[in-house]
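The values are calculated or read from the model by the stated rules, or taken from the named source; none is laboratory data. The shown structure was predicted, so the numbers you read here are calculated from the model rather than taken from an experiment. Positions of Cβ are generated from backbone atoms using ideal geometry, with glycine treated the same way; all protein chains shown enter the neighbour counts.
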Amino acid sequence: MKKTTFLVILFIISAVTISAQVGVVETEQATILKASEKILKEVSQLRGLPARNPEKSGFKSRKELETIVIRDLDEERGPEQMAVQTKLLKLLGLIPKDYSLRDQLVKLLTEQIGGFYDPRTKEFYLVDWLDFEEQKPVIAHELTHAMQDQNFDLRRFEKLPKDESDKELAIQALIEGEATVVMLNYIFKPQGLDVTKMRIPLSGLFEMTSAENDNRFPELANAPSVIREALEFPYFYGASFVQELVHRKDWDYVSKVYTTDLPESTEQIMHPEKFFARETPTKFQLKDSSSLLGKGWKRTDLDINGEFGFYLILTDFIGKKQAKEAAEGWGGDQYAFYENEAKGGAILVQMTNWDDEDEAKEFFEAYSERTLKRYEQPQAKKDTEVLKLYQTKTGLVVLERRGKDILIIEGVQPEQLTKLQAEVWKAAGK
C-alpha cells in the first residue's frame with residue numbers, strides 16, 4: 001500500500017470508551033510504555049499470533065504529528081496527485097469549490113490520529129495528550145499492527161499498482177478491521193465479550209455513535225461526507241468484514257487471507273458473502289483518449305471507484321439508503337480523468353459493469369437522479385431507458401447503457417462526444 005503508517009482514529013476509541021477523558025500526559029509516559037508490554041501479550045493471546053515489542057516506542061506532540069501527517073500525505077500522493085484528486089472531487093460535486101483538500105486532510109488527521117505504527121522503522125508512537133485509560137485501546141490497536149507486520153509483512157502492500165485504489169482500500173480494511181476487532185476484544189475482555197460472536201455488524205454499531213462525537217471532533221464533524229466516510233471505511237466495514245471471517249471460520253483463516261486470499265474489492269469487504277464466493281471484479285482497460293479530445297488535453301488520473309466509491313458519488317445527492325442499494329450491484333469499473341489547464345476544462349469518463357441488467361438499470365436511474373441534483377439547472381437533451389444526455393454549465397453529461405454495462409461521461413463538449421463514446425466502447429470490447 002502507498003500508505004506507510006497504520007493508525008487508529010480517535011473516533012473509534014471514543015465510540016467504545018465511555019468514560020475516557022482527554023488530558024496532557026507528563027509523568028505517566030513511562031508507565032504507559034511499560035504497560036504496553038503487558039498489552040502486547042494480551043493482544044497476542046487474543047489474536048493467537050506470536051508478537052514481540054516494536055524496536056522503538058514513544059510519544060509525539062501535536063506539532064510533531066502534524067509534520068508526520070504532511071510527510072505521509074506527500075509521499076502517498078504528492079502535490080500534483082493531490083491537486084488532481086481535488087479537481088475530480090469538485091467535478092463530482094463532493095467537496096465545495098473553495099475546499100483545500102490537502103490542508104483539510106492535515107487538520108482532520110492531526111485531530112483524529114491517536115497513535116500509529118510504521119512498518120518501515122518497526123516503531124510505534126502514541127500522542128502525548130491522552131490520559132492512561134484512553135491510551136490503552138490505542139496501544140492494543142497499534143501493537144496489533146506490529147504483530148501483523150511481524151507475521152505478514154505489511155510493507156509488501158506498498159507495491160500495489162497506483163490504478164487499483166479499490167483493491168488497496170479493501171486490503172487496508174482487512175488490516176485496520178483486524179486491528180479494530182482485536183482492540184475491541186481487548187477492551188471488552190473483562191466483561192467476557194468476544195465481538196466476533198456478535199451477530200450485529202460492527203459497522204452499524206459505529207455508525208450509530210457517530211453523531212455523539214461531533215462536539216469532540218469538530219474537524220471530522222465538519223468534513224464533507226466523502227472525506228469522513230472514506231476515513232472511517234477501513235475501520236467500520238473492515239471490522240465487520242473480519243468479524244464475519246472469524247465467525248464463519250476462525251482466526252487461523254484470517255491469517256490465511258493475508259497469505260493466499262486477499263480481498264480484491266471494497267464490494268467484498270462490504271458483502272463478505274461475495275468474498276467467500278470469490279466474486280471477482282470485471283476488469284476494464286480504458287485507452288488514453290487525450291489526443292482525441294484535442295490540443296492541450298491530458299489524462300491525469302486512471303483508477304477504479306469500486307462499489308464504495310460509487311456509493312460515495314451518489315449518497316450526497318440521493319441519500320444513503322438509495323445510494324447503497326444502487327451501488328451494491330457493482331461488477332467492475334475503471335475511470336479516466338482528463339484536464340486541459342489552458343482552458344480550465346475537466347472530463348471524467350467512467351466505464352462500469354453490473355451484476356445483471358436489472359442492477360444496471362437501477363444504477364442508471366440512480367446516477368441520472370444524482371446528475372439532476374448535482375448540476376445547476378441541467379437541461380435534458382435525451383432521456384430514454386438506455387441513453388440520457390444533459391446539458392450543464394460545464395459541458396455535457398451522458399449516460400449510456402448497453403445491457404449490463406454503463407458508460408458515463410461528464411464535462412465533455414459536443415464536438416468531442418461522438419468520437420469519445422465510440423473509442424471507449426470499443427476499448428471495452430463492446
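Of all the residues that make up segment 154-181, how many are touching a residue at least 24 places away in the same chain (Cβ under 8 Å) and either out of contact with any helix residue (DSSP H, G or I) (no Cβ under 7 Å at 6 or more places or on another chain) or of a type in the set (Val, Ile, Thr) (or both)?
12
So residue 4 passes all but one of these: (1) modelled with pLDDT of 80 or more; (2) in contact with a Pro (Cβ under 7 Å, 6 or more places away or on another chain). Which condition number does it fail?
(1)
All but one of (1) under 19 Å from the mean Cα position of the chain (by Cα); (2) over 23 Å from residue 87 (Cα atoms) hold for residue 256, so report the exception by its number.
For residue 256, the failing item is (1).
With the requirement that a residue be touching a helix residue (DSSP H, G or I) at 6+ places or on another chain (Cβ under 8 Å) and farther than 13 Å from residue 363 by Cα, what does segment 334-351 give you?
337, 338, 339, 340, 346, 347, 348, 349
Return yes when residue 323 is touching a Ser or Thr at 6+ places or on another chain (Cβ under 6 Å) and farther than 25 Å from residue 430 by Cβ and no when it is not.
In short, yes.
Looking only at residues that are out of contact with any Phe, Trp or Tyr (no Cβ under 8 Å at 6 or more places or on another chain) and closer than 17 Å to residue 93 by Cα in segment 399-430, which one is surrounded by the fewest Cβ atoms within 10 Å (Cβ to Cβ)?
411
Residues of segment 329-361 being surrounded by 19 or more Cβ atoms within 10 Å (Cβ to Cβ), acidic (Asp, Glu) and in contact with a strand residue (DSSP E or B) (Cβ under 6 Å, 6 or more places away or on another chain), which ones?
333, 339
Sort through 246, 242, 257 and tell me the only one that's touching a residue at least 12 places away in the same chain (Cβ under 8 Å), under 23 Å from residue 177 (Cα atoms), in contact with an Asp or Glu (Cβ under 6 Å, 6 or more places away or on another chain) and not polar (S, T, N, Q).
When all the criteria are applied, what remains is 242.
Quick one: in segment 363-387, of everything that is farther than 18 Å from residue 91 by Cβ and either surrounded by 18 or more Cβ atoms within 10 Å (Cβ to Cβ) or of a type in the set (Ser, Thr, Tyr) (or both), which residue is farthest from the chain's Cα centre (by Cα)?
Going through the qualifying residues, I end up with 384.
Being among the basic types (Lys, Arg) and either surrounded by fewer than 19 Cβ atoms within 10 Å (Cβ to Cβ) or outside any helix (DSSP H, G or I) (or both) is the filter here, so list the residues in segment 273-328 that pass it.
278, 283, 287, 295, 298, 299, 320, 321, 324 - these are the residues of segment 273-328 that are among the basic types (Lys, Arg) and either surrounded by fewer than 19 Cβ atoms within 10 Å (Cβ to Cβ) or outside any helix (DSSP H, G or I) (or both).
When you go through 313, 347, 269 one by one, which is the residue that is within 20 Å of the chain's Cα centre (by Cα) and within 21 Å of residue 81 (Cβ to Cβ)?
Every option except 313 fails the conditions.
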